[in-house]
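All remarks here apply to the structure that follows.
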Amino acid sequence: MAQISVEQEPVPKRKKDSLLIRFAKQWDIQLMVLPALALIFVFSYIPMYGILMAFQDFNIFKGMGDSPWAGFKHFEMFFESPEFMTVMRNTIVISLLKFLIGFPAPILLALMLNEVRHMFFKRLVQTVSYLPHFLSWVIVSGFAISLLSTDNGSVNILLQKLNLIEEPLNFLSIPEYFWTILVTTGVWKEIGFSSIVYLAAVAGVDPHMYEAADMDGASKFRQIFTITLPSIMPVVSIFMILAIGNLLTAGFEEILLLAKNPVLREVSDVIDTYVYRIGIENSRFSYATAVGLFKAVISVMLLTIANLIARKSGNSLW
């Protein structure tokens, strides 16, 4: 029997609702976002008016309206200052160390926890590794200072018991050890909490892929490199872009608390601590604002470049 073909009329395309109509349909959800938008506007956008101080000889008594304009004077002063090379070197080196060590550390922890089958032990490790994130840097720095103390410090006692040193070392007054101490405490504090997102991403991987790999005789390491890592790569890419954008944020609280000894300034003075010392302690507000604006511009450039590179793999932020 011959089949009779019936021509179907094309389905008219549905007209896309306007932005106002979509907003009205989702008014309850949009309402929940408004407090966050207001918070960002008040504390992030309105204070940007203060950037004008970087181009003025700001006088606290005259205010921003009557302070004379200085152009790029304070930027030139920073570039020509004797501290410029030291501050930039410390900022870049500390940031790179934190990025190269601190960024992959939670990924590795998430991959290892994913392979743990004993649920009690897994939850115990997760809890213990999460807790330091909720401690302030005041507590963490005090804990580190206590461990490294020459007076009954655990690290010195252990090294003496192992006959590696004869006399206790004051680690926080030796510049050669400061970067190691800073990066180690930072990784210890954040590794557990940062691994939460990666654990969630790993949990979303299709288990049938692992079953197929087991049938093919793939080892656990092979499954990690061929299944797990490629599956969570979009999440890794997003966090890598954000980390690159914060590459000049070497740390403020931890350095301010751990580097109290003036001997360490040669290896601990970064842009954030330099701005604090020059702007708050020395009251050079215009100069400090110019240095902070320089850091912000470089950070935006790094974020944009990282996003453009990631866009080629389809995992960009915008």
Would you check which residues across region 49-70 are within 20 Å of A296 (Cβ to Cβ) and either surrounded by 10 or more Cβ atoms within 10 Å (Cβ to Cβ) or touching a residue at least 40 places away in the same chain (Cβ under 8 Å) (or both) and list them?
-> G50, I51, L52, M53, A54, F55, Q56, F58, M64, A70
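Residue-wise test of (1) hydrophobic (A, V, I, L, M, F, W, C); (2) out of contact with any helix residue (DSSP H, G or I) (no Cβ under 7 Å at 6 or more places or on another chain).
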{"site": "R89", "(1), (2)": "no, yes"}
{"site": "L109", "(1), (2)": "yes, no"}
{"site": "V128", "(1), (2)": "yes, yes"}
{"site": "W137", "(1), (2)": "yes, no"}
{"site": "T180", "(1), (2)": "no, yes"}
Output for Cβ contacts, cut-off 6 Å, separation at least six or different chains, first residue without any contact (Cβ under 8 Å) to a residue 24 or more places away in the chain in region 21-38, second open to solvent by 80 Å² or more (accessible area, probe 1.4 Å), reads Q30/F23
Before we move on, is L131 at pLDDT 90 or above, open to solvent by 70 Å² or more (accessible area, probe 1.4 Å), part of a helix (DSSP H, G or I) and over 22 Å from I255 (Cα atoms)?
-> no
Answer yes or no: is there a residue in region 69-77 that is under 30 Å from E266 (Cβ atoms) and in contact with a Gly (Cβ under 7 Å, 6 or more places away or on another chain).
-> no
For region 95-108, state whether one or more residues are of a type outside the set (F, W, Y) and touching a Gly at 6+ places or on another chain (Cβ under 7 Å).
-> yes
Evaluate region 243-255: report whether one residue or more is in contact (Cβ under 8 Å) with a residue 12 or more places away in the chain, part of a helix (DSSP H, G or I), out of contact with any strand residue (DSSP E or B) (no Cβ under 6 Å at 6 or more places or on another chain) and open to solvent by 70 Å² or more (accessible area, probe 1.4 Å).
-> yes
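The values are calculated or read from the model by the stated rules, or taken from the named source; none is laboratory data. Owing to the predicted nature of the structure, the values given are computational and were not obtained by experimental measurement. When we count neighbours, we look across all protein chains shown, and the Cβ atoms used for this are built from the backbone with ideal geometry, even at glycine. When the accessible area is computed, the model is the full protein with side chains, heavy atoms only, and any ligands, DNA or RNA have been set aside. Shrake-Rupley method; radii C 1.70, N 1.55, O 1.52, S 1.80 Å.
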